[in-house]
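The values are calculated or read from the model by the stated rules, or taken from the named source; none is laboratory data. Keep in mind it's a predicted model, so treat the numbers as computed, not measured. Using ideal geometry, Cβ is built from the backbone for each residue, glycine included, and neighbour counts are taken over all protein chains shown. Protein only, heavy atoms only, side chains kept; ligands, DNA and RNA dropped before computing areas. Shrake-Rupley method; radii C 1.70, N 1.55, O 1.52, S 1.80 Å.
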Amino acid sequence: MILVSKYSNPQSCIYYLSAIMLSILKKDNVSNNIVDFFIYLKFHVNKNFTYANYIMALDWLFILNAITLEEDRIILCL
């Protein structure tokens, strides 16, 4: 379960990271390759962005049917 606490840093919250990822995928012209997108986020959004949080955020977006994954590519379902 994903917990939100008033004491946690919002930039490390999976909900926040998922929203940032979704907004970038919607409007920016970035690679939709899974690894390339992580590298883009790491250098352009947050240097402290971990791969574990990235995978959890991708899982969350997948559960919400916001994205699907096909052959190492992120496909928007919106």
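Spin-label model, Ile75 to Phe62: label points 7 Å out along the Cα-to-beta-carbon direction sit 1.4 nm apart.
Mind running the shape call on the range 18-65? Use the C-alpha gyration tensor, a ≥ b ≥ c as the square roots of the eigenvalues: rounded below 1.5 for a/c, prolate if a/b tops b/c, oblate otherwise.
Details: a/c = 1.62, a/b = 1.13, b/c = 1.44.
Taking the square roots of the gyration eigenvalues as a ≥ b ≥ c, the range 18-65 is oblate.
In whole percent, how big is the carbon plus sulfur part of the accessible area of the range 7-78, probe 1.4 Å, protein atoms only?
Values: 2660 of 4730 Å².
About 56 percent, which is the carbon plus sulfur part of the accessible surface.
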